[in-house]
Amino acid sequence: MIKRVPTGIPGFDKMVKGGFKEKSINLVCGPAGTGKSTFAIQFLVNGIIGFNENCVYITFEEERNQIISNMLQFGWDLEELEKSGKFVLLQYAPEMVKELVAEGGGVLDETIEKVKGKRIVIDSISSFSLLYQNEYERKQACLKLFELIRRWGYTAVFTAEDELVHMENAISTELEFEADSMVFLYNAKTKGKRKRAIEVVKMRGTKHVRKVLGFDITEKGIVINPNDVVEV
């Protein structure tokens, strides 16, 4: 029987038979402003509060203080969670992670070992991949990062900009192949209005919902409406 890691995001776990596969690599993709970081942090916070799991969030883009401030609107006090020892928020320049990946983990290995966590978020793999000059280097670097996460034994969410996974090249194909699941977030235009929507494009070993469903970002985070089918 496949072990699942519930996201705790209302409506999502029912789409995927109970959650992400344990120790899997999961891509959450979409244009800027679609809710990728909210989805990712909600996944971590629910792991801490609902399942008493330690979690790690690594950001390459947004400033640490900005992330902490933004998440307060949902009642998620990341600073308090850090003080409790259940949550670690690491801000790295993509160049630093490039060096750590080349070293096979380096000091990041030590941090991960101390945390002894279950869930990790990398936000975002797009920033990391842009450091590399050519397609081959980019692909190899992303695969090494995936290998690190698998070695640590975490269930991982990587956020990715829409452009990275829609490029007609080897890196896009390789990411799609190596990831255990791909989730797309949309800001679809329907009847002259913008509507948030989510689609599970693939999930290995899982008979998932194949419809594109509407969702809202509420004061408690993302809530998916299973009865709201959206055309994108």
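The values are calculated or read from the model by the stated rules, or taken from the named source; none is laboratory data. In this text the structure is predicted, and so the values were computed from the model without any measurement. Here Cβ is always computed from backbone atoms with ideal geometry, including for glycine, and neighbour counts include all displayed protein chains.
Residues of region 1-42 being within 18 Å of residue 161 (Cα to Cα) and in a helix (DSSP H, G or I), which ones? Give the steps one after another, and end with the answer.
Step one: list which residues in region 1-42 are within 18 Å of residue 161 (Cα to Cα), which gives 25-41.
Within region 1-42, 36, 37, 38, 39, 40, 41 qualify.
Which of the residues belonging to region 46-66 are within 16 Å of residue 111 (Cβ to Cβ) and charged (D, E, K, R)?
Pass one, region 46-66, residues within 16 Å of residue 111 (Cβ to Cβ): 54-60, 64.
64 - this is the single residue of region 46-66 that is within 16 Å of residue 111 (Cβ to Cβ) and charged (D, E, K, R).
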For residue 145, work out the one condition from (1) within 17 Å of residue 93 (Cβ to Cβ); (2) free of Cβ contacts under 8 Å to residues at least 40 places away in the same chain; (3) of a type in the set (A, V, I, L, M) it doesn't fulfil. (2)
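Can you go through 47, 35 and tell me which one is crowded, with 19+ Cβ neighbours inside 10 Å, at positive phi and not hydrophobic (A, V, I, L, M, F, W, C)?
Details: 47 fails: at positive phi.
None of the other options fit; the residue is 35.
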Based on this model, can you work out whether residue 117 counts as within 19 Å of the chain's Cα centre (by Cα), within 21 Å of residue 7 (Cβ to Cβ), small (Gly, Ala, Ser) and assigned to a helix (DSSP H, G or I)? no
Which members of region 1-40 meet the condition of being over 21 Å from residue 210 (Cβ atoms) and free of Cβ contacts under 8 Å to residues at least 60 places away in the same chain? 1, 3, 8
What number of residues within region 52-66 satisfy the criterion of being under 24 Å from residue 113 (Cα atoms) and either among the hydrophobic types (A, V, I, L, M, F, W, C) or in a helix (DSSP H, G or I) (or both)? 5
Of a type outside the set (Asp, Glu), at pLDDT 95 or above and surrounded by 21 or more Cβ atoms within 10 Å (Cβ to Cβ) - does that describe any residue in region 143-154? yes
Just the residues that are surrounded by 15 or more Cβ atoms within 10 Å (Cβ to Cβ), farther than 24 Å from residue 35 by Cβ and at pLDDT below 85, please, taken from region 107-134. 131, 132
Result of the Cβ filter at 9 Å on region 207-227, keeping first residues that are closer than 13 Å to residue 185 by Cα and partners that are assigned to a strand (DSSP E or B) and hydroxyl-bearing (Ser, Thr, Tyr), at least 6 apart or interchain, is 212/186
Just one of 30, 85 is buried (at least 22 other Cβ atoms within 10 Å of the Cβ) and either over 27 Å from residue 97 (Cβ atoms) or among the small types (Gly, Ala, Ser) (or both); which is it? 30
Take the conditions part of a helix (DSSP H, G or I) and either out of contact with any helix residue (DSSP H, G or I) (no Cβ under 6 Å at 6 or more places or on another chain) or buried (at least 16 other Cβ atoms within 10 Å of the Cβ) (or both) and apply them to residue 90. Does it pass? no
Within region 162-183, of all residues that are modelled with pLDDT under 85 and touching a strand residue (DSSP E or B) at 6+ places or on another chain (Cβ under 8 Å), the one farthest from residue 136 (Cα to Cα) is 162
